[in-house]
Amino acid sequence: MLVNFTFKNYRSFRDEKTLSMEAASIRELSDSVVKQAGEALLPVAVMYGANSSGKSNVLKALKAMRDVVLNSVKLNPNDPLDADPFVLDLTSAAEPTSFEIQFVLGSSKFRYGFDYTSEIIIAEWLYEKREKEREFELFLRSEDEFKISRARFAEGVGKEGATPRNRLFLSLVAQLNGKLAKQILDWFSSIEYISGMDGKGYAGKTLRTLYFNADGSREIMNMLGSTHLGFNGIQVRLTPGEEESVDSRTIHNIYDCNGEVVGQKEFPTDKMESEGTKKMIEIAAPIVDAIRVGRLLIVDELDAKLHPFLSRKIVGMFMDKDVNRHGAQLIFATHDTNLLSDRCLRRDQIWFTEKDRTDSTDLYSLVEFRDEAGSKVRNDRNILNDYINGRYGAIPFMS
């Protein structure tokens, strides 16, 4: 599970910010908190903010770190790295971007990070903290200089000289069959990022699961059935050929004059179903898969095309330990203010983004917010009304 994600000099974020999934010492919805490796962790975090405030950039920063880690193995020595620094001042564009992530893997908490430009890896580090032990340095890199623990990261010893300047050391060790390095890369590869605005890129995942995977199909149909979208089932058709494709038809009841079911009718999903229904079908597999195996799922614009009750249903699945039994996490951006309630989310799960006068984004949570008098937000506040009235910032200002 993700514990903390810290990033600096990425897109609209000039200064260092941290998104924390550590549970604060508050009482609301305490049953949703997950205990792993001595950490009390949150299953959900949500970003609120005005358009262009940078909330999507928090999610894209997580995706960017994942992509740099996973794509490092593909780089030739002179290939550029995918860097996207802050460019609205006179110095940041030439400075490194920094990513650091803390996560639980097995019974240990790891802290891994790197500083980089489009040309080189400037620094890279990996630490491990086992329960009832102090944090231990596994390796530390400063450009071409390495310090490696023979006791705890022997798989990396002797591989320093084979690491190009634009290549992550962790990636190289994993490629050379380092056991721990491969486990860490597997954790990164389990992170899934989807856009709530365009489901075409992952709609096929749902349809293929329905067609090929009996267990996955049953779980998806249970989820869709609980949302009462008006159809009884989905018929998936596989079209073989040079480029294999899948399409679907939703199954609806036919009724007589007394309201009794007398038959069924298939509708082509793309042509006959609403945009919201199509989106629920599209995102069903990523949601079910995340919950089934304990993935981190990142969704930009979760509420796009969805009724607020459907957004609440999805959040509730991750918050319910009877459903979410393996520590899956959902991090998403939204404008759906109906979720701003202590019946849905805790104060430490609600995050805001707001730009300062230099167009650099700030990131802060509701639980750490303080008003002009220095007071924290109490758990009996009407969070929705306070947010709409501008009490917490992170809303658009209209002239």
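Please state which one of 336, 348, 356, 371 is open to solvent by less than 70 Å² (accessible area, probe 1.4 Å) and in contact with a Pro (Cβ under 9 Å, 6 or more places away or on another chain).
The match here is 336.
So, in segment 175-214, exactly how many residues are open to solvent by less than 10 Å² (accessible area, probe 1.4 Å) and of a type in the set (Gly, Ala, Ser)?
4
Under the condition of being among the small types (Gly, Ala, Ser) and under 29 Å from the mean Cα position of the chain (by Cα), which residue from segment 157-174 is surrounded by the fewest Cβ atoms within 10 Å (Cβ to Cβ)?
So, considering only residues that are among the small types (Gly, Ala, Ser) and under 29 Å from the mean Cα position of the chain (by Cα), the one surrounded by the fewest Cβ atoms within 10 Å (Cβ to Cβ) is 174.
Confirm whether residue 135 is modelled with pLDDT under 95, over 17 Å from residue 74 (Cα atoms), touching a strand residue (DSSP E or B) at 6+ places or on another chain (Cβ under 7 Å) and not aromatic (Phe, Trp, Tyr).
no
Table: residues versus (1) touching an Asp or Glu at 6+ places or on another chain (Cβ under 8 Å); (2) farther than 30 Å from residue 87 by Cα; (3) part of a strand (DSSP E or B).
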{"site": "327", "(1), (2), (3)": "no, yes, no"}
{"site": "354", "(1), (2), (3)": "yes, no, yes"}
{"site": "359", "(1), (2), (3)": "no, no, no"}
{"site": "379", "(1), (2), (3)": "yes, yes, no"}
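Could you run through segment 289-298 and say how many residues are among the β-branched types (Val, Ile, Thr), surrounded by 23 or more Cβ atoms within 10 Å (Cβ to Cβ) and part of a helix (DSSP H, G or I)?
1
Would you mind listing the strands (runs of 3 or more DSSP E) fully within segment 170-286 where at least 2 residues are touching a His at 6+ places or on another chain (Cβ under 9 Å) and free of Cβ contacts under 8 Å to residues at least 60 places away in the same chain?
Result: 261-268.
Take the conditions charged (D, E, K, R), touching a helix residue (DSSP H, G or I) at 6+ places or on another chain (Cβ under 8 Å) and either open to solvent by 30 Å² or more (accessible area, probe 1.4 Å) or modelled with pLDDT of 95 or more (or both) and apply them to residue 305. Does it pass?
yes
Among 63, 109, which is in contact with a Phe, Trp or Tyr (Cβ under 6 Å, 6 or more places away or on another chain), charged (D, E, K, R) and at pLDDT 95 or above?
Sole residue among the options that is in contact with a Phe, Trp or Tyr (Cβ under 6 Å, 6 or more places away or on another chain), charged (D, E, K, R) and at pLDDT 95 or above: 63.
Grab the strands (runs of 3 or more DSSP E) fully contained in segment 1-115, keeping just those with 1 or more residues being in contact (Cβ under 8 Å) with a residue 12 or more places away in the chain and open to solvent by 10 Å² or more (accessible area, probe 1.4 Å).
Correct list: 2-8, 17-20, 34-36, 39-41, 97-105.
So which residues in segment 350-399 are in contact (Cβ under 8 Å) with a residue 12 or more places away in the chain and basic (Lys, Arg), if there are any at all?
355, 391
Output the number of the condition that residue 314 fails; it satisfies all remaining conditions of (1) closer than 24 Å to residue 292 by Cβ; (2) without any contact (Cβ under 8 Å) to a residue 40 or more places away in the chain; (3) open to solvent by 10 Å² or more (accessible area, probe 1.4 Å); (4) of a type in the set (A, V, I, L, M).
For residue 314, the exception is condition (3).
The values are calculated or read from the model by the stated rules, or taken from the named source; none is laboratory data. Note that the coordinates shown come from a computational prediction; the quantities given were computed from them, not determined experimentally. Glycine gets a Cβ as well: all are built from the backbone with ideal geometry, and neighbour counts include every protein chain shown. Accessible surface is based on the protein model in full, side chains and every heavy atom, while ligands, DNA and RNA are left aside. Shrake-Rupley method; radii C 1.70, N 1.55, O 1.52, S 1.80 Å.
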